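The values are calculated or read from the model by the stated rules, or taken from the named source; none is laboratory data. Nothing here was measured: the structure is a model prediction, and the numbers come from that model. Cβ sites come from the backbone with ideal geometry, for glycine too, and all protein chains shown count toward neighbours.
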Amino acid sequence: MSDEYKQIIKQAETYYNSKQYKESADAYLAAFKTKNKMVMTSDLYNAACSMAQAGMIDSAFARLNILTGAGFSNYSHIMGDADLVSLHNDPRWNEFTKKVKNNKDKEEVNLNKPLVAILDTVYTDDQGGRMHIEETIKKYGRDSKEMKELGRVLREKDSINLVKVKKILDQYGWPGSDVVGSQGNRTIFLVIQHADLKTQEKYLPLMREAVKKKNANASNLALLEDRVALRKGKKQIYGSQIGMDKSGAYYVQTLDDPDNVDKRRAAVGLGPLADYVQRWQLKWDVEEYKKQLPEIEKKDKENSGD
């Protein structure tokens, strides 16, 4: 993958995170014109999202059709992705979703279909409401009755999902992608990631063992390790957890050894922290962060209720 391609993709992601969708779409097109032979499917999908948001409907479908030809099969995600809502009334949307569903069915021929079906429903319930959090906060405010109602619905669904996932884990162990597919495997992680601390501590060793056996993703484990560490009053290792202070400003929560965080992230398949935090319009400056660390630790204690 060329440096030019990566640089343009990084700019496209920055534009997207700033909601400059037309600029993001144009940047993705510029990256693809470099004729890079290693275009990532995730880049094609993200480009389609930016294009759909920018009203570039034909361009969005062009990218999505390339994806289906490459075997894209994440049916549950596309059906709940708010970025693609503008495409739903176009006749091409039904054609696209049918192709994705066919890819999904082919991929799942040798999987445990009853488990896949359960986890499909769990994924939809886990991610559906969460896709509207930012929109609800922006429209009504963080402390609004609408946001409180959304939070209530999420907690209710999380509770139901956790019962289902616990049953699977207790009966089968941590099933790999060869058993429940890549989405099903990630769904199990998401539910545990959204669970209470006691549950996370119970299943963390199981996920560690699953990563060793290549039945779980090391980058997902890193996120769970960080969340558990912070909840126990310790420092996170990979910088994956982003907090929000009382003023509504985002910040990287208490992080151990900030100087070497990117080495640790790379070891588990995560990109540089500077790229990651752009999603929250943050800039990573390790020297500045170290200066602010005492204040950050104070914010974390306030947010935890200590």
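Mind telling me which of the residues D262, D275 ends up being surrounded by 14 or more Cβ atoms within 10 Å (Cβ to Cβ), of a type in the set (D, E), under 27 Å from R208 (Cα atoms) and without any contact (Cβ under 8 Å) to a residue 24 or more places away in the chain? Reasoning before the result, please.
Working: D275 fails: without any contact (Cβ under 8 Å) to a residue 24 or more places away in the chain.
Testing whether each residue is surrounded by 14 or more Cβ atoms within 10 Å (Cβ to Cβ), of a type in the set (D, E), under 27 Å from R208 (Cα atoms) and without any contact (Cβ under 8 Å) to a residue 24 or more places away in the chain leaves just D262.
This table checks each residue for (1) at pLDDT below 95; (2) of a type outside the set (V, I, T); (3) closer than 21 Å to W174 by Cβ; (4) touching a Cys at 6+ places or on another chain (Cβ under 6 Å).
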| residue | (1), (2), (3), (4) |
| --- | --- |
| L221 | no, yes, yes, no |
| Q236 | no, yes, no, no |
| A267 | no, yes, yes, no |
| A274 | yes, yes, no, no |
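Restricting the search to segment 60-102, which residues are surrounded by 19 or more Cβ atoms within 10 Å (Cβ to Cβ) and over 24 Å from the mean Cα position of the chain (by Cα)?
Result: no residue meets the conditions.
Would you pick out the residues in segment 262-298 that are under 14 Å from Q241 (Cβ atoms) and touching an Asp or Glu at 6+ places or on another chain (Cβ under 7 Å)?
L273 - this is the single residue of segment 262-298 that is under 14 Å from Q241 (Cβ atoms) and touching an Asp or Glu at 6+ places or on another chain (Cβ under 7 Å).
Does segment 248-258 include one or more residues that are touching a helix residue (DSSP H, G or I) at 6+ places or on another chain (Cβ under 7 Å) and small (G, A, S)?
Looking for residues that are touching a helix residue (DSSP H, G or I) at 6+ places or on another chain (Cβ under 7 Å) and small (G, A, S), one finds none in segment 248-258, hence no.
State the number of residues belonging to segment 208-228 that are more than 18 Å from the chain's Cα centre (by Cα) and either crowded, with 19+ Cβ neighbours inside 10 Å or assigned to a loop (DSSP other than H, G, I, E, B) (or both).
4
Give the residue that is surrounded by the most Cβ atoms within 10 Å (Cβ to Cβ), with candidates limited to residues of segment 1-27 that are more than 22 Å from K283 (Cα to Cα) and of a type outside the set (G, A, S).
Looking only at segment 1-27, we keep the residues that are more than 22 Å from K283 (Cα to Cα), and these are 1-2, 22, 25-26.
Now narrow it down to the ones that are of a type outside the set (G, A, S): 1, 22, 26.
Details: M1: 12, K22: 14, D26: 20.
Top of the filtered list is D26.
Residue under question is K234, and the condition is that it be assigned to a loop (DSSP other than H, G, I, E, B), without any contact (Cβ under 8 Å) to a residue 24 or more places away in the chain and either surrounded by fewer than 18 Cβ atoms within 10 Å (Cβ to Cβ) or touching a helix residue (DSSP H, G or I) at 6+ places or on another chain (Cβ under 9 Å) (or both); does it hold?
In short, yes.
I'm trying to understand the selection: among the residues of segment 103-116, which are among the aliphatic types (A, V, I, L, M) and surrounded by 14 or more Cβ atoms within 10 Å (Cβ to Cβ)?
Here is the first cut: in segment 103-116, the residues among the aliphatic types (A, V, I, L, M) are 109, 111, 115-116.
Of everything in segment 103-116, those that are among the aliphatic types (A, V, I, L, M) and surrounded by 14 or more Cβ atoms within 10 Å (Cβ to Cβ) turn out to be L111, L115, V116.
List the number of the failed condition for K298; all other conditions in (1) surrounded by 14 or more Cβ atoms within 10 Å (Cβ to Cβ); (2) modelled with pLDDT under 95; (3) not small (G, A, S) hold.
Here K298 clears every test but (1).
Could you run through segment 209-229 and say how many residues are over 20 Å from V261 (Cβ atoms) and either touching a residue at least 12 places away in the same chain (Cβ under 8 Å) or polar (S, T, N, Q) (or both)? Show your work before the answer.
Filtering segment 209-229 down to residues over 20 Å from V261 (Cβ atoms) leaves 209-210, 212-216.
Filter once more, keeping what is either touching a residue at least 12 places away in the same chain (Cβ under 8 Å) or polar (S, T, N, Q) (or both): 209-210, 213-216.
The number of residues fulfilling the criteria is 6.
Regarding R142, is this residue outside the structural domain of Y21 (by TED's automatic domain parsing), within 26 Å of A195 (Cβ to Cβ), over 20 Å from the mean Cα position of the chain (by Cα) and not small (G, A, S)? Spell out the reasoning first.
Values: outside the structural domain of Y21 (by TED's automatic domain parsing): yes; within 26 Å of A195 (Cβ to Cβ): yes; over 20 Å from the mean Cα position of the chain (by Cα): yes; not small (G, A, S): yes.
Yes: the conditions hold for R142.
Of all residues in segment 148-180, which are more than 14 Å from T121 (Cβ to Cβ) and either under 17 Å from the mean Cα position of the chain (by Cα) or among the charged types (D, E, K, R) (or both)?
In the first step, residues of segment 148-180 are kept if they are more than 14 Å from T121 (Cβ to Cβ); the result is 148-156, 159, 166, 169-179.
Across segment 148-180, the qualifying residues are K148, E149, R152, L154, R155, E156, K166, D170, D178.
How many residues are within 16 Å of G269 (Cβ to Cβ) and among the aliphatic types (A, V, I, L, M) if we restrict to segment 183-230?
Qualifying residue count, segment 183-230: 9.
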